[in-house]
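A quick write-up on the structure given underneath.
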Amino acid sequence: MNLCNHKTFETVYKKYSNGLYNYLYYTFGNQTDAEDVTQNVFLKLWERCKTVSLENIKSYLYTLGRNECLNIKKHEKVKIVFQKQHTSDVNIESPEFNLEKKEFEQKLEQAISNLKEGERQVFLMSRIDKKKYMEIAEELNLSVKTIEKRMHNALVYLRTNIKEFNR
């Protein structure tokens, strides 16, 4: 089978795109980047269709996706440093509730992004996708006990950070 064949490529896309998206989203915690990177990975795959073997296609796709996300993260760090250097002191007035809500959401998002990669994956798969531990274990090729431990660690970490926020 030739990957440059439209039907073959479409079959590969249908088989792996959703899994790749989920992997990228759970690993890096950003839906928009996960969508963009998934599209870019398949675009690169199409551009390189003559040189890519179908034998290890899943591994190839996930490696491309991971590398692209890491490049995005590096770029975001550079942007943040630049923004901090060039941010003016803007005084924004808003109701206290909206401010507290926004701060809490940012704190929660930051806490989730600070989780270890495996813990973040398990937490998001369980809480966002509503997957059972057995399903997560099968998908990640890990034992159920490992999934339970990662979830426990994630919840302890999040509770600790949220309690510190509320003080």
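Sort through 40, 18, 56, 67 and tell me the only one that's open to solvent by less than 70 Å² (accessible area, probe 1.4 Å) and not assigned by TED's automatic domain parsing to the domain that holds residue 137.
40
Give the stretch 45-70 a look and list any residue that's over 19 Å from residue 140 (Cβ atoms) and small (Gly, Ala, Ser), or say none.
53
Got a sec? Which of 8, 27 is β-branched (Val, Ile, Thr) and either farther than 21 Å from residue 139 by Cα or free of Cβ contacts under 8 Å to residues at least 24 places away in the same chain (or both)?
Just a single option satisfies the conditions, and that option is 8.
Could we say that residue 42 is under 26 Å from residue 141 (Cα atoms) and either free of Cβ contacts under 8 Å to residues at least 40 places away in the same chain or of a type in the set (D, E, K, R) (or both) here?
Spelling it out, residue 42 is indeed under 26 Å from residue 141 (Cα atoms) and either free of Cβ contacts under 8 Å to residues at least 40 places away in the same chain or of a type in the set (D, E, K, R) (or both).
How many of the residues in the stretch 95-110 are polar (S, T, N, Q) and either over 17 Å from residue 31 (Cβ atoms) or outside the structural domain of residue 155 (by TED's automatic domain parsing) (or both)?
So the count comes out to 1.
List the number of the failed condition for residue 45; all other conditions in (1) open to solvent by 50 Å² or more (accessible area, probe 1.4 Å); (2) within 22 Å of the chain's Cα centre (by Cα) hold.
All conditions are met except number (1).
Are any of the residues in the stretch 111-119 in the same structural domain as residue 154 (by TED's automatic domain parsing), modelled with pLDDT of 90 or more, under 13 Å from residue 150 (Cα atoms) and touching a Lys or Arg at 6+ places or on another chain (Cβ under 7 Å)?
yes
Would you pick out the residues in the stretch 122-164 that are surrounded by 15 or more Cβ atoms within 10 Å (Cβ to Cβ), of a type outside the set (A, V, I, L, M) and either within 18 Å of residue 106 (Cα to Cα) or not assigned by TED's automatic domain parsing to the domain that holds residue 108 (or both)?
Result: 123, 157, 161.
Residue by residue, here is whether (1) of a type in the set (Asp, Glu); (2) under 27 Å from residue 126 (Cα atoms); (3) in contact with a strand residue (DSSP E or B) (Cβ under 8 Å, 6 or more places away or on another chain) holds:
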position	(1), (2), (3)
13	no, yes, no
20	no, yes, no
25	no, yes, no
29	no, yes, no
36	yes, yes, no
48	no, no, no
58	no, yes, no
61	no, yes, no
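Could you tell me how many of the residues in the stretch 83-105 are more than 24 Å from the chain's Cα centre (by Cα) and modelled with pLDDT of 75 or more?
6
The values are calculated or read from the model by the stated rules, or taken from the named source; none is laboratory data. Owing to the predicted nature of the structure, the values given are computational and were not obtained by experimental measurement. Because the Cβ atoms are built from the backbone with ideal geometry, glycine has one as well, and the counts that use them run over all protein chains shown. For accessibility, only protein heavy atoms count, side chains too; no ligands or nucleic acids. Shrake-Rupley method; radii C 1.70, N 1.55, O 1.52, S 1.80 Å.
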